[in-house]
Structures are given as structure tokens and as C-alpha cells.
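This report concerns only the one structure given below.
All of the numbers you see were taken from the coordinates with simple rules; none came from a lab. Please read all numbers here as calculations on a predicted model, not as lab measurements. Counting neighbours? That spans all protein chains shown, and the Cβs are built from the backbone with ideal geometry, glycine included.
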Amino acid sequence: ETGVTQSPTHLIKTRGQQVTLRCSSQSGHNTVSWYQQALGQGPQFIFQYYREEENGRGNFPPRFSGLQFPNYSSELNVNALELDDSALYLCASKAGRADEQFFGPGTRLTVL
Amino acid sequence: GENVEQHPSTLSVQEGDSAVIKCTYSDSASNYFPWYKQELGKGPQLIIDIRSNVGEKKDQRIAVTLNKTAKHFSLHITETQPEDSAVYFCAPGGTGFQKLVFGTGTRLLVSP
């Protein structure tokens, strides 16, 4: 069974640019959530997708957007990058309404 | 969920000792209580969880206890080993499609 994978591992962007991060969910999982983890802090919920529809969103501005594809993989897009967007971005997947979420290794984004 | 605090923020123990981390939350609607372990450079790993209809759950050296009335739950690790060194997060939330709200994290260091 393949776990959650994310790409790329690391990314460096400059302020004002746009970025796309990718996530492949664990086999059999159709719910994907994205979290932002700033250095030294706990992950913060960005949004969740279930069957290609967003069904939950945290306190993040509209320049954070996402997609889920028919194979349940997902993308996180961030426009107009700001320095404070520098963080580890984590993807987690689960099976439908199940409680247990399983996280990928994350993408480290640095905004200069 | 919502306001989640962990204590202590750092914990240093000798190998073989026990470690206890406490998580306090404010959202009385929370009914799912997981603990995650995050090693350096990795995503959070689910190590144990409990639901609101259960007071205690044990899995080998790890246990979780829940006091829903007082709105806190604790992680207990017995016979600690150096490989238990990591940052531990509680993440109380609702079941189904409800989000997880992560605590502030506890850095556990187990010295040989």
C-alpha cells in the first residue's frame, strides 16, 4: 500500500510569484486536506476536498486555492506569494468520513 | 478544537522513564482525540487516538486518557527509548469531515 506522497520536496520562490504543490493520496482514500506548518508551530488547516469538491476551509485568504482530481490526487495553489507563506505544506488523506488522517512528508516552501 | 494547548512545551527524560504530555482544548463539540508524532523532516504520524465514548486506550508502550468533562486528554509513553525523541502534537476535532486543530507541540528528548 502506497502512502501519501507530495511533490516537490523543496521549493524556493520570490514574493509575488505563484506556486502549485501536488499530493497523491493513499490508496483508497478520497478525502484530502491541506495544512500549513510554520517553523516551530503546529499544522494549521487550510482546506479539505472530498470527491473533487471543497467541503471545509480554514482561516486562509482566497489566494490559497485547491483542486482535487478524479483519481483523488490534489493540488494546492498559492497566488501572490508573501514572505509569511514560507512554511511546510502538508497533505493528509483519509477514506471518506473516517476519522484517521494520514500525512505526507510535506513540501518546504521558502519565499524570498 | 479551536483553542488547544499542550504542556509541557519541552520534556527531557532518561531512557526507560515514563513521559506524560497533556492537551487542553476549548471546543466542547470535539469528539475525536488523536496524537501525532513528528520527526525532523517528516510529516506527522498518527500514533494513537481515542473517541469521546472511551476513557482510556492503550497500544503497547503508548496510552491515551480522556477527561471530556475537564476538556483535556493526555499521552502516556512508558519505557521511553531514544527513538521516541520527536515533537508530539495533539489534534482534537470532530468526526467525519470536521477539521483537526493542532496543539502547540511538545518536544520530547529521550537521553540514553
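Can you compute log10 of I(q)/I(0) for chain B with the Debye formula, treating each Cα as one identical point scatterer, at q = 0.13, 0.15, 0.21 Å⁻¹?
Once normalised to I(0) and log-transformed, intensities are -0.43, -0.58, -1.11.
So what's Rg/Rh here for chain A, counting alpha carbon atoms and using the Kirkwood radius for Rh? Please report the intermediate quantities before stating the final value.
Numbers: Rg = 13.1 Å, Rh = 13.8 Å.
Radius of gyration relative to Kirkwood radius: 0.95.
Among all the lysines, which ones have a C-alpha under 27 Å from residue B:99's C-alpha, if same-chain residues fewer than 8 places away are not counted?
Correct list for residue B:99: A:94, B:22, B:37, B:42, B:57, B:58, B:68, B:71.
Rank these for me by crowding, B:89, A:45, B:97, going from fewest to most other beta carbons within 10 Å.
Numbers: B:89 26, A:45 23, B:97 14.
If I rank by nearby Cβ atoms, fewest first, I get B:97, A:45, B:89.
Apply the Karplus curve 6.51 cos²θ - 1.76 cosθ + 1.60, θ = phi - 60°, to the phi angles in the range A:76-86 and return the couplings in whole Hz, x for Gly and Pro.
Per residue, the Karplus-derived 3J(HN,Hα) values read 10, 10, 10, 9, 6, 4, 10, 4, 5, 7, 4 Hz.
Through the Karplus equation 6.51 cos²θ - 1.76 cosθ + 1.60, θ set to phi - 60°, convert the phi angles of the range A:48-61 into ³J(HN,Hα) values in whole Hz; use x for Gly and Pro.
Taking θ as phi minus 60°, the curve returns 9, 10, 9, 6, 6, 10, 6, 10, x, 9, x, 8, 10, x Hz for the range A:48-61.
Just the number, please: Stokes-Einstein D of the protein assembly as shown in µm²/s, Kirkwood Rh from C-alpha pairs, 37 °C, 0.692 mPa s.
Working: Rh = 17.9 Å.
Result for D is 183 µm²/s.
Counting only other residues whose beta carbon sits under 14 Å from that of residue A:51, what net charge do I get with K and R as +1, D and E as -1? Intermediate results must be reported in sequence, preceding the final value.
Values: positive: A:94, A:97; negative: A:52, A:53, A:54.
That works out to -1.
Taking amide H positions as placed 1.01 Å from N in the peptide plane, with prolines and chain starts having none, which residues 5 or more places from residue B:26, or on another chain, fall under 5 Å of its amide H?
For residue B:26, the qualifying residues are B:3.
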